[in-house]
Amino acid sequence: MADFRTLDDAAVKGRRVLVRVDLNVPMKDGRVTDATRIDRILPTLRELAASGARIGILAHFGRPKGEPVPEMSLRPVVGPLAERLGVPVAFADDCIGDEAEAAMAALGDGQAVLLENTRFHKGEERNDPDFVARLAKLGEIYVNDAFSCAHRAHASSEGLAHRLPAYAGRNMEAELKALGNALERPERPLTAIVGGAKVSTKLALLGNLVTRVDNLIIGGGMANTFLHAQGIKVGASLCEPDLADTAREILAKADKAGCRIVLPTDAIVAREFAANAAHRAVSIDAVADDDMILDVGPESVMAVNTLLEVSKTLVWNGPLGAFETPPFEAGTVAVADHAANLCADGRLLAVGGGGDTVAALAMANAADRFTYVSTAGGAFLEWIEGRELPGVKALSTTVC
Ligand SMILES: Nc1ncnc2c1ncn2[C@@H]1O[C@H](COP(=O)(O)OP(=O)(O)OP(=O)(O)O)[C@@H](O)[C@H]1O
Ligand SMILES: O=C(O)[C@H](O)COP(=O)(O)O
(Lines give C-alpha, C1' and ligand atoms only; values in the text may rest on other atoms or scores of the structure.)
(Ligands and ions follow the chains in the order given, each with its own letter.)
Protein backbone atom coordinates (compact mmCIF):
# COMPACT_ATOMS: atom_id res chain seq x y z
CA MET A 1 0.00 0.00 0.00
CA ALA A 2 1.20 3.56 -0.67
CA ASP A 3 2.94 5.31 2.16
CA PHE A 4 0.70 8.23 2.95
CA ARG A 5 -0.45 10.22 5.90
CA THR A 6 -3.92 9.61 7.27
CA LEU A 7 -6.35 11.49 9.49
CA ASP A 8 -4.40 10.09 12.45
CA ASP A 9 -1.62 12.50 11.50
CA ALA A 10 -3.74 15.61 10.82
CA ALA A 11 -4.41 18.44 13.28
CA VAL A 12 -7.65 19.86 11.92
CA LYS A 13 -9.34 21.76 14.76
CA GLY A 14 -10.51 25.16 13.54
CA ARG A 15 -8.78 24.65 10.20
CA ARG A 16 -10.31 24.76 6.74
CA VAL A 17 -10.12 21.24 5.32
CA LEU A 18 -10.89 20.48 1.67
CA VAL A 19 -12.15 16.92 1.33
CA ARG A 20 -12.35 15.34 -2.14
CA VAL A 21 -15.07 12.71 -2.19
CA ASP A 22 -16.96 10.85 -4.93
CA LEU A 23 -20.59 11.95 -5.14
CA ASN A 24 -21.03 10.68 -8.68
CA VAL A 25 -23.94 8.63 -7.41
CA PRO A 26 -26.64 6.83 -9.41
CA MET A 27 -29.51 9.28 -9.83
CA LYS A 28 -32.96 9.05 -11.37
CA ASP A 29 -35.35 12.01 -11.77
CA GLY A 30 -33.16 14.11 -9.48
CA ARG A 31 -33.13 11.51 -6.68
CA VAL A 32 -30.21 9.45 -5.45
CA THR A 33 -31.02 5.79 -6.15
CA ASP A 34 -28.02 4.22 -4.45
CA ALA A 35 -26.28 5.89 -1.52
CA THR A 36 -23.31 3.54 -1.15
CA ARG A 37 -20.80 6.20 -2.20
CA ILE A 38 -22.31 8.61 0.33
CA ASP A 39 -22.27 6.04 3.12
CA ARG A 40 -18.62 5.21 2.50
CA ILE A 41 -17.46 8.82 3.06
CA LEU A 42 -19.39 9.32 6.29
CA PRO A 43 -16.59 8.05 8.59
CA THR A 44 -14.19 10.69 7.26
CA LEU A 45 -16.71 13.52 7.39
CA ARG A 46 -17.87 12.55 10.89
CA GLU A 47 -14.32 12.29 12.17
CA LEU A 48 -13.38 15.67 10.72
CA ALA A 49 -16.54 17.28 12.10
CA ALA A 50 -15.98 15.76 15.53
CA SER A 51 -12.41 17.07 15.49
CA GLY A 52 -13.62 20.62 14.79
CA ALA A 53 -12.56 20.93 11.15
CA ARG A 54 -14.27 23.45 8.87
CA ILE A 55 -15.09 21.19 5.97
CA GLY A 56 -15.29 22.11 2.29
CA ILE A 57 -16.51 19.11 0.30
CA LEU A 58 -15.24 18.85 -3.28
CA ALA A 59 -16.80 16.44 -5.77
CA HIS A 60 -17.84 16.01 -9.40
CA PHE A 61 -21.02 14.72 -10.97
CA GLY A 62 -21.25 13.35 -14.51
CA ARG A 63 -19.14 14.63 -17.37
CA PRO A 64 -20.18 18.24 -18.02
CA LYS A 65 -16.99 18.94 -20.00
CA GLY A 66 -15.96 22.10 -18.20
CA GLU A 67 -19.29 23.96 -18.51
CA PRO A 68 -22.01 24.49 -15.91
CA VAL A 69 -24.79 22.03 -16.80
CA PRO A 70 -27.81 22.44 -14.47
CA GLU A 71 -28.73 18.74 -14.70
CA MET A 72 -25.28 17.89 -13.36
CA SER A 73 -25.47 20.12 -10.29
CA LEU A 74 -24.54 18.53 -6.96
CA ARG A 75 -27.43 20.37 -5.26
CA PRO A 76 -29.74 17.28 -5.23
CA VAL A 77 -27.07 15.42 -3.27
CA VAL A 78 -27.02 17.91 -0.36
CA GLY A 79 -30.22 16.55 1.23
CA PRO A 80 -29.26 12.84 1.20
CA LEU A 81 -25.73 13.71 2.34
CA ALA A 82 -26.91 15.86 5.26
CA GLU A 83 -29.55 13.33 6.23
CA ARG A 84 -27.07 10.47 6.38
CA LEU A 85 -24.43 12.59 8.08
CA GLY A 86 -26.96 13.73 10.65
CA VAL A 87 -25.92 17.40 10.52
CA PRO A 88 -26.78 20.28 8.17
CA VAL A 89 -24.62 20.71 5.09
CA ALA A 90 -24.51 24.11 3.33
CA PHE A 91 -24.20 24.43 -0.45
CA ALA A 92 -22.20 26.87 -2.58
CA ASP A 93 -23.08 27.42 -6.24
CA ASP A 94 -19.44 27.42 -7.29
CA CYS A 95 -16.35 25.57 -6.14
CA ILE A 96 -14.03 28.58 -6.61
CA GLY A 97 -14.29 32.35 -6.40
CA ASP A 98 -16.16 34.75 -4.13
CA GLU A 99 -19.11 32.49 -3.38
CA ALA A 100 -16.96 29.50 -2.44
CA GLU A 101 -14.60 31.65 -0.37
CA ALA A 102 -17.52 33.25 1.50
CA ALA A 103 -19.07 29.84 2.15
CA MET A 104 -15.81 28.54 3.58
CA ALA A 105 -15.30 31.68 5.68
CA ALA A 106 -18.81 31.31 7.14
CA LEU A 107 -18.12 27.83 8.54
CA GLY A 108 -17.78 27.27 12.26
CA ASP A 109 -15.80 24.42 13.76
CA GLY A 110 -17.35 21.08 12.77
CA GLN A 111 -19.52 22.56 10.01
CA ALA A 112 -19.54 21.56 6.34
CA VAL A 113 -20.32 23.00 2.93
CA LEU A 114 -20.68 21.09 -0.33
CA LEU A 115 -19.12 23.03 -3.20
CA GLU A 116 -20.65 22.80 -6.68
CA ASN A 117 -19.42 20.29 -9.28
CA THR A 118 -15.68 20.79 -9.86
CA ARG A 119 -16.12 19.67 -13.49
CA PHE A 120 -18.11 22.85 -14.22
CA HIS A 121 -14.64 24.35 -14.79
CA LYS A 122 -12.30 23.27 -17.59
CA GLY A 123 -9.34 23.58 -15.22
CA GLU A 124 -10.53 20.57 -13.23
CA GLU A 125 -9.90 17.85 -15.82
CA ARG A 126 -6.88 19.70 -17.22
CA ASN A 127 -5.39 19.87 -13.73
CA ASP A 128 -4.69 23.50 -14.58
CA PRO A 129 -2.33 25.10 -12.02
CA ASP A 130 -4.40 28.33 -11.86
CA PHE A 131 -7.53 26.34 -11.09
CA VAL A 132 -5.67 24.27 -8.51
CA ALA A 133 -4.48 27.51 -6.90
CA ARG A 134 -8.04 28.86 -6.76
CA LEU A 135 -9.21 25.66 -5.06
CA ALA A 136 -6.22 25.65 -2.71
CA LYS A 137 -7.08 29.18 -1.60
CA LEU A 138 -10.21 27.76 0.05
CA GLY A 139 -8.41 25.45 2.47
CA GLU A 140 -5.39 24.81 4.62
CA ILE A 141 -5.47 21.01 4.54
CA TYR A 142 -6.43 18.54 1.81
CA VAL A 143 -7.98 15.13 2.41
CA ASN A 144 -8.55 12.75 -0.50
CA ASP A 145 -11.30 10.25 0.27
CA ALA A 146 -12.22 9.48 -3.33
CA PHE A 147 -10.47 6.24 -4.22
CA SER A 148 -12.96 5.85 -7.06
CA CYS A 149 -11.61 9.05 -8.68
CA ALA A 150 -7.94 8.32 -7.99
CA HIS A 151 -7.36 7.19 -11.60
CA ARG A 152 -8.06 10.78 -12.72
CA ALA A 153 -5.15 13.23 -12.49
CA HIS A 154 -7.58 16.12 -12.05
CA ALA A 155 -7.14 19.31 -10.03
CA SER A 156 -9.27 18.22 -7.08
CA SER A 157 -8.12 14.58 -7.11
CA GLU A 158 -4.39 15.06 -7.79
CA GLY A 159 -3.27 18.68 -8.16
CA LEU A 160 -4.37 19.81 -4.71
CA ALA A 161 -2.18 17.20 -3.04
CA HIS A 162 0.85 19.14 -4.28
CA ARG A 163 -0.44 22.48 -2.96
CA LEU A 164 -1.69 21.67 0.53
CA PRO A 165 -0.64 19.27 3.28
CA ALA A 166 -2.36 16.12 2.04
CA TYR A 167 -3.89 13.15 3.84
CA ALA A 168 -5.80 10.01 2.86
CA GLY A 169 -9.35 9.80 4.17
CA ARG A 170 -10.75 6.71 5.89
CA ASN A 171 -12.54 5.49 2.76
CA MET A 172 -9.36 5.79 0.68
CA GLU A 173 -7.51 3.78 3.32
CA ALA A 174 -10.25 1.17 3.61
CA GLU A 175 -10.58 0.63 -0.16
CA LEU A 176 -6.85 0.10 -0.68
CA LYS A 177 -6.66 -2.26 2.26
CA ALA A 178 -9.72 -4.31 1.31
CA LEU A 179 -8.73 -4.63 -2.35
CA GLY A 180 -5.19 -5.56 -1.35
CA ASN A 181 -6.44 -8.23 1.04
CA ALA A 182 -8.86 -9.72 -1.47
CA LEU A 183 -6.90 -9.52 -4.70
CA GLU A 184 -3.17 -9.17 -4.09
CA ARG A 185 -2.60 -12.88 -4.94
CA PRO A 186 -5.84 -14.02 -6.57
CA GLU A 187 -6.58 -17.71 -6.77
CA ARG A 188 -7.02 -18.88 -10.37
CA PRO A 189 -8.88 -19.14 -12.65
CA LEU A 190 -9.40 -15.40 -12.35
CA THR A 191 -12.43 -14.16 -14.26
CA ALA A 192 -13.34 -10.53 -14.96
CA ILE A 193 -16.73 -9.23 -16.02
CA VAL A 194 -16.66 -5.81 -17.67
CA GLY A 195 -19.86 -4.19 -18.85
CA GLY A 196 -21.52 -0.81 -18.47
CA ALA A 197 -21.65 2.23 -20.68
CA LYS A 198 -18.34 4.07 -20.30
CA VAL A 199 -17.02 2.42 -23.45
CA SER A 200 -14.61 5.11 -24.59
CA THR A 201 -12.79 5.42 -21.26
CA LYS A 202 -12.77 1.77 -20.25
CA LEU A 203 -12.31 -0.16 -23.49
CA ALA A 204 -8.63 0.74 -23.78
CA LEU A 205 -8.04 -0.59 -20.26
CA LEU A 206 -9.02 -4.07 -21.38
CA GLY A 207 -5.78 -4.40 -23.37
CA ASN A 208 -3.87 -4.74 -20.11
CA LEU A 209 -6.58 -6.64 -18.30
CA VAL A 210 -6.42 -9.55 -20.77
CA THR A 211 -2.81 -10.16 -19.77
CA ARG A 212 -3.81 -10.45 -16.12
CA VAL A 213 -6.99 -12.52 -16.11
CA ASP A 214 -7.82 -16.01 -17.39
CA ASN A 215 -11.30 -15.15 -18.63
CA LEU A 216 -12.81 -11.83 -19.65
CA ILE A 217 -16.58 -11.69 -19.94
CA ILE A 218 -17.66 -8.59 -21.85
CA GLY A 219 -21.26 -7.44 -21.53
CA GLY A 220 -23.41 -4.32 -21.38
CA GLY A 221 -22.81 -1.47 -23.78
CA MET A 222 -19.13 -2.45 -23.86
CA ALA A 223 -19.90 -5.72 -25.69
CA ASN A 224 -21.55 -3.98 -28.64
CA THR A 225 -18.33 -2.37 -29.85
CA PHE A 226 -16.59 -5.76 -29.78
CA LEU A 227 -19.49 -7.39 -31.63
CA HIS A 228 -19.41 -4.60 -34.22
CA ALA A 229 -15.64 -5.06 -34.55
CA GLN A 230 -16.29 -8.70 -35.44
CA GLY A 231 -18.74 -7.74 -38.17
CA ILE A 232 -21.88 -8.48 -36.15
CA LYS A 233 -24.74 -6.01 -36.65
CA VAL A 234 -25.74 -4.25 -33.41
CA GLY A 235 -28.53 -2.12 -34.91
CA ALA A 236 -29.30 1.03 -32.89
CA SER A 237 -27.39 -0.14 -29.80
CA LEU A 238 -24.86 1.91 -27.84
CA CYS A 239 -21.65 1.33 -29.84
CA GLU A 240 -18.43 3.21 -30.57
CA PRO A 241 -17.46 2.23 -34.14
CA ASP A 242 -14.35 4.44 -33.90
CA LEU A 243 -12.98 2.00 -31.32
CA ALA A 244 -13.43 -1.08 -33.53
CA ASP A 245 -9.67 -1.26 -34.28
CA THR A 246 -8.84 -1.03 -30.58
CA ALA A 247 -11.37 -3.78 -29.87
CA ARG A 248 -9.76 -6.02 -32.51
CA GLU A 249 -6.31 -5.36 -31.04
CA ILE A 250 -7.59 -6.36 -27.59
CA LEU A 251 -9.05 -9.58 -28.99
CA ALA A 252 -5.71 -10.41 -30.64
CA LYS A 253 -3.82 -9.61 -27.45
CA ALA A 254 -6.16 -11.82 -25.44
CA ASP A 255 -5.60 -14.66 -27.86
CA LYS A 256 -1.83 -14.30 -27.50
CA ALA A 257 -2.06 -14.09 -23.71
CA GLY A 258 -4.29 -17.16 -23.48
CA CYS A 259 -7.18 -15.13 -22.06
CA ARG A 260 -10.57 -16.48 -23.00
CA ILE A 261 -12.96 -13.76 -24.16
CA VAL A 262 -16.67 -14.35 -23.66
CA LEU A 263 -19.07 -12.17 -25.63
CA PRO A 264 -22.88 -12.44 -25.62
CA THR A 265 -24.32 -15.04 -27.98
CA ASP A 266 -27.84 -13.73 -27.55
CA ALA A 267 -29.45 -10.50 -26.39
CA ILE A 268 -32.63 -8.87 -25.19
CA VAL A 269 -33.52 -6.19 -27.70
CA ALA A 270 -36.16 -3.45 -27.83
CA ARG A 271 -37.00 -0.63 -30.23
CA GLU A 272 -37.75 1.81 -27.45
CA PHE A 273 -35.56 2.45 -24.41
CA ALA A 274 -38.33 2.67 -21.82
CA ALA A 275 -39.57 0.72 -18.82
CA ASN A 276 -41.44 -2.40 -19.90
CA ALA A 277 -40.99 -1.61 -23.59
CA ALA A 278 -41.83 -4.44 -25.97
CA HIS A 279 -38.75 -6.66 -26.09
CA ARG A 280 -37.57 -10.04 -27.32
CA ALA A 281 -34.63 -12.40 -27.01
CA VAL A 282 -32.67 -12.84 -30.22
CA SER A 283 -29.57 -14.64 -31.32
CA ILE A 284 -26.68 -12.15 -31.49
CA ASP A 285 -26.52 -12.45 -35.29
CA ALA A 286 -30.21 -11.55 -35.65
CA VAL A 287 -30.26 -7.98 -34.28
CA ALA A 288 -32.32 -5.79 -36.64
CA ASP A 289 -31.32 -2.26 -37.73
CA ASP A 290 -33.75 -0.54 -35.33
CA ASP A 291 -33.15 -2.91 -32.39
CA MET A 292 -31.25 -1.78 -29.29
CA ILE A 293 -29.39 -4.42 -27.30
CA LEU A 294 -30.39 -3.63 -23.70
CA ASP A 295 -29.46 -6.84 -21.90
CA VAL A 296 -27.68 -10.13 -22.41
CA GLY A 297 -29.96 -13.03 -23.31
CA PRO A 298 -30.67 -16.25 -21.36
CA GLU A 299 -28.15 -18.35 -23.30
CA SER A 300 -25.39 -15.81 -22.49
CA VAL A 301 -26.39 -15.77 -18.82
CA MET A 302 -26.10 -19.56 -18.70
CA ALA A 303 -22.64 -19.46 -20.32
CA VAL A 304 -21.43 -16.81 -17.84
CA ASN A 305 -22.81 -18.68 -14.85
CA THR A 306 -21.20 -21.93 -16.02
CA LEU A 307 -17.85 -20.19 -16.32
CA LEU A 308 -18.23 -18.74 -12.82
CA GLU A 309 -18.65 -22.29 -11.46
CA VAL A 310 -15.11 -23.14 -12.54
CA SER A 311 -13.61 -19.78 -11.54
CA LYS A 312 -11.97 -19.17 -8.19
CA THR A 313 -11.90 -15.37 -8.27
CA LEU A 314 -14.26 -12.86 -9.90
CA VAL A 315 -13.75 -9.13 -10.43
CA TRP A 316 -16.74 -7.29 -11.85
CA ASN A 317 -17.20 -3.75 -13.11
CA GLY A 318 -20.14 -2.63 -15.23
CA PRO A 319 -23.64 -4.07 -15.42
CA LEU A 320 -24.50 -6.54 -18.20
CA GLY A 321 -27.54 -4.53 -19.26
CA ALA A 322 -29.48 -1.31 -18.71
CA PHE A 323 -30.50 -2.63 -15.30
CA GLU A 324 -32.22 0.58 -14.09
CA THR A 325 -34.99 0.05 -16.68
CA PRO A 326 -37.12 -3.09 -16.25
CA PRO A 327 -36.97 -5.75 -17.58
CA PHE A 328 -33.38 -5.15 -18.72
CA GLU A 329 -31.99 -5.96 -15.27
CA ALA A 330 -32.63 -9.70 -15.65
CA GLY A 331 -29.20 -10.73 -16.99
CA THR A 332 -27.24 -8.69 -14.45
CA VAL A 333 -29.42 -9.87 -11.56
CA ALA A 334 -29.20 -13.56 -12.57
CA VAL A 335 -25.40 -13.46 -12.82
CA ALA A 336 -25.02 -11.39 -9.62
CA ASP A 337 -27.20 -13.80 -7.68
CA HIS A 338 -25.31 -16.83 -8.96
CA ALA A 339 -21.92 -15.26 -8.17
CA ALA A 340 -23.16 -14.31 -4.71
CA ASN A 341 -24.35 -17.89 -4.05
CA LEU A 342 -20.99 -19.32 -5.11
CA CYS A 343 -19.31 -16.78 -2.88
CA ALA A 344 -21.54 -17.58 0.09
CA ASP A 345 -20.72 -21.28 -0.43
CA GLY A 346 -17.00 -20.46 -0.29
CA ARG A 347 -16.48 -21.56 -3.90
CA LEU A 348 -15.69 -18.11 -5.32
CA LEU A 349 -14.04 -14.93 -4.09
CA ALA A 350 -16.08 -12.15 -5.69
CA VAL A 351 -15.25 -8.44 -5.75
CA GLY A 352 -17.50 -5.94 -7.54
CA GLY A 353 -16.98 -2.23 -8.04
CA GLY A 354 -18.43 0.87 -9.69
CA GLY A 355 -21.16 3.41 -8.96
CA ASP A 356 -23.84 1.59 -10.98
CA THR A 357 -22.38 -1.86 -10.43
CA VAL A 358 -22.85 -1.43 -6.68
CA ALA A 359 -26.46 -0.38 -7.29
CA ALA A 360 -27.01 -3.40 -9.56
CA LEU A 361 -25.53 -5.78 -6.97
CA ALA A 362 -27.78 -4.24 -4.33
CA MET A 363 -30.80 -4.69 -6.61
CA ALA A 364 -29.90 -8.39 -6.90
CA ASN A 365 -29.48 -8.64 -3.09
CA ALA A 366 -25.97 -9.81 -3.91
CA ALA A 367 -23.83 -7.05 -2.38
CA ASP A 368 -23.84 -8.50 1.13
CA ARG A 369 -22.84 -11.93 -0.15
CA PHE A 370 -19.90 -10.66 -2.24
CA THR A 371 -16.46 -10.81 -0.63
CA TYR A 372 -16.05 -7.08 -1.10
CA VAL A 373 -17.85 -4.29 -2.91
CA SER A 374 -15.75 -1.30 -3.91
CA THR A 375 -17.14 2.12 -4.71
CA ALA A 376 -14.71 2.35 -7.62
CA GLY A 377 -15.31 1.38 -11.25
CA GLY A 378 -12.63 2.73 -13.61
CA ALA A 379 -10.20 3.17 -10.70
CA PHE A 380 -10.88 -0.42 -9.64
CA LEU A 381 -10.07 -1.70 -13.15
CA GLU A 382 -6.86 0.32 -13.26
CA TRP A 383 -5.90 -0.87 -9.78
CA ILE A 384 -6.43 -4.50 -10.90
CA GLU A 385 -4.12 -3.85 -13.84
CA GLY A 386 -1.45 -2.83 -11.36
CA ARG A 387 -1.34 0.78 -12.56
CA GLU A 388 -0.24 3.50 -10.21
CA LEU A 389 -3.28 5.70 -9.57
CA PRO A 390 -2.33 9.40 -9.77
CA GLY A 391 -4.60 10.38 -6.89
CA VAL A 392 -2.97 7.80 -4.60
CA LYS A 393 0.54 8.55 -5.83
CA ALA A 394 0.13 12.27 -5.19
CA LEU A 395 -0.69 11.57 -1.55
CA SER A 396 2.55 9.69 -1.07
CA THR A 397 4.80 12.21 -2.82
CA THR A 398 3.47 15.40 -1.31
CA VAL A 399 5.99 17.82 0.10
CA CYS A 400 4.54 20.40 2.41
N1 LIG B 1 -26.63 -2.56 -23.37
C2 LIG B 1 -26.63 -1.38 -22.76
N3 LIG B 1 -27.06 -0.27 -23.41
C4 LIG B 1 -27.07 0.93 -22.78
N5 LIG B 1 -26.64 1.15 -21.53
C6 LIG B 1 -26.18 0.08 -20.85
C7 LIG B 1 -26.15 -1.23 -21.42
N8 LIG B 1 -25.63 -2.07 -20.50
C9 LIG B 1 -25.37 -1.33 -19.41
N10 LIG B 1 -25.69 -0.05 -19.60
C11 LIG B 1 -25.59 1.08 -18.66
O12 LIG B 1 -24.28 1.17 -18.12
C13 LIG B 1 -24.35 2.04 -17.01
C14 LIG B 1 -23.24 1.75 -16.04
O15 LIG B 1 -21.99 1.82 -16.69
P16 LIG B 1 -20.66 2.34 -15.98
O17 LIG B 1 -19.55 2.00 -16.90
O18 LIG B 1 -20.83 3.77 -15.59
O19 LIG B 1 -20.58 1.40 -14.70
P20 LIG B 1 -20.24 1.76 -13.19
O21 LIG B 1 -20.42 0.54 -12.39
O22 LIG B 1 -21.05 2.95 -12.76
O23 LIG B 1 -18.72 2.16 -13.24
P24 LIG B 1 -18.07 3.60 -12.89
O25 LIG B 1 -18.07 3.70 -11.42
O26 LIG B 1 -16.71 3.55 -13.52
O27 LIG B 1 -18.95 4.64 -13.53
C28 LIG B 1 -25.74 1.83 -16.42
O29 LIG B 1 -26.40 3.08 -16.36
C30 LIG B 1 -26.43 0.89 -17.42
O31 LIG B 1 -27.77 1.24 -17.69
O1 LIG C 1 -18.00 6.95 -11.45
C2 LIG C 1 -16.76 6.87 -11.38
O3 LIG C 1 -16.13 5.84 -11.70
C4 LIG C 1 -15.98 8.05 -10.84
O5 LIG C 1 -16.83 8.99 -10.25
C6 LIG C 1 -15.16 8.68 -11.93
O7 LIG C 1 -16.01 9.21 -12.93
P8 LIG C 1 -15.45 9.42 -14.42
O9 LIG C 1 -15.33 8.06 -15.05
O10 LIG C 1 -16.45 10.29 -15.11
O11 LIG C 1 -14.10 10.09 -14.30
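The values are calculated or read from the model by the stated rules, or taken from the named source; none is laboratory data. On a predicted model such as this, the values are computed, not experimentally measured, just so you know. No Cβ is skipped: glycine too gets one built from the backbone with ideal geometry, and neighbour counts run over all protein chains shown. These accessible areas exclude ligands, DNA and RNA; they are computed on the full protein's heavy atoms, side chains included. Shrake-Rupley method; radii C 1.70, N 1.55, O 1.52, S 1.80 Å.
Odds and ends about this structure:
- Amide proton proximity set for residue 349, modelled H, under 5 Å, gap of 5+: 313, 314
- Where the chain is the region considered: accessible area per residue in Å², 1.4 Å probe: 41 Å²
- Here the Karplus relation 6.51 cos²θ - 1.76 cosθ + 1.60, evaluated at θ = phi - 60°, turns the backbone of segment 325-334 into coupling constants of 10, x, x, 7, 8, 4, x, 4, 5, 5 Hz, with x for every Gly and Pro.
- The gain in end-to-end length when the residue 102 to residue 341 segment is fully stretched comes to 80.9 nm, 0.36 nm per residue minus the alpha carbon separation.
- If the segment from residue 271 to residue 69 were pulled out straight at 0.36 nm per residue, it would be longer than the present Cα-Cα gap by 69.8 nm.
- Between helix 298-309 and the chain: long-axis angle, C-alpha atoms, 0 to 90°, nearest 10: 70 degrees
- The Rg/Rh ratio for segment 20-72 is 1.03, where Rg is the radius of gyration of the alpha carbons and Rh is the Kirkwood radius.
- Spatial separation of Cα centroids for segment 284-351 and segment 45-120, in angstrom: 36 Å
- ³J(HN,Hα), Karplus 6.51/-1.76/1.60, whole Hz, each residue of segment 127-143, x for Gly, Pro: 6, 5, x, 5, 5, 4, 5, 5, 5, 4, 4, 7, x, 10, 9, 10, 10
- Per-atom-type breakdown for segment 1-144 gives carbon and sulfur 48% of the accessible area (1.4 Å probe, protein chains only).
- Residue-by-residue Karplus 3J(HN,Hα) for segment 361-368, coefficients 6.51, -1.76, 1.60, Hz, glycine and proline x: 5, 5, 4, 7, 6, 9, 4, 5
- In the chain, the convex hull through the Cα atoms has an average projected area of 18.5 nm², a quarter of its surface area.
- With the convex hull drawn around the C-alpha atoms of segment 108-199, the volume per residue stands at 146 Å³.
- Value of D in µm² per second that Stokes-Einstein yields for segment 7-173, Kirkwood Rh from Cα pairs, at 4 °C (1.567 mPa s): 84 µm²/s
- Burial ranking of peptide ranges 350-359, 83-92 (average Cβ count within 10 Å, highest at the top): 350-359, 83-92
- Degrees between helix 220-229 axis and first principal axis of the chain (Cα, 0 to 90, nearest 10): 50 degrees
- Cα gyration tensor shape for segment 186-384, rounded if a/c is under 1.5, else prolate or oblate: oblate
- Segment 7-173, dipole about Cα centre (Lys/Arg Cβ +1, Asp/Glu Cβ -1), debye to the nearest 20: 160 debye
- Less than 5 angstrom separates the built amide H of residue 167 from those of 142, 143, 144, all sequence-distant by 5 or more or on a different chain.
- Split the accessible area of segment 262-381 by element, probe 1.4 Å, and carbon with sulfur accounts for 54%.
- Largest to smallest accessible area among 104, 72 [probe 1.4 Å]: 72, 104
- Helix 244-257 and the longest principal axis of the Cα set of the chain meet at an angle near 80°.
- For the pair residue 212 and residue 396, the difference between a 0.36 nm per residue extended length and the Cα-Cα distance amounts to 63.6 nm.
- Structure remark: mean-square fluctuation, Gaussian network model of the chain, C-alpha springs under 10 Å; the largest value among 69, 210, 373 belongs to 69.
- Taking 344, 367, 274 in turn, the Gaussian network model of the chain (Cα-Cα springs below 10 Å) assigns the largest fluctuation to 274.
- The residue among 95, 133, 117 whose Cα reaches farthest toward the positive pole of the charge dipole of segment 69-136, with charges on the beta-carbon of Lys, Arg, Asp and Glu, is 117.
- Residues with amide H under 5 Å from that of residue 261, placed H, sequence gap 5 or more: 216
- Of the cross-linked pairs 65/198; 177/198; 13/177; 65/177; 28/393; 13/137, those separated by over 22 Å at the C-alpha level are 177/198; 13/177; 65/177; 28/393.
- Accessible carbon and sulfur surface of segment 189-250 relative to its total accessible area, %, 1.4 Å: 47 percent
- Taking the Cα centre of the chain as origin and assigning +1 to Lys and Arg Cβ atoms and -1 to Asp and Glu Cβ atoms, the resulting dipole is close to 820 debye.
- Taking Cα centre as origin and charging only the Cβ of basic (Lys, Arg, +1) and acidic (Asp, Glu, -1) residues, the dipole magnitude of segment 205-332 rounds to 460 debye.
- Highest-fluctuation residue, 22, 93, 242 considered, GNM on the chain with Cα pairs under 10 Å: 242
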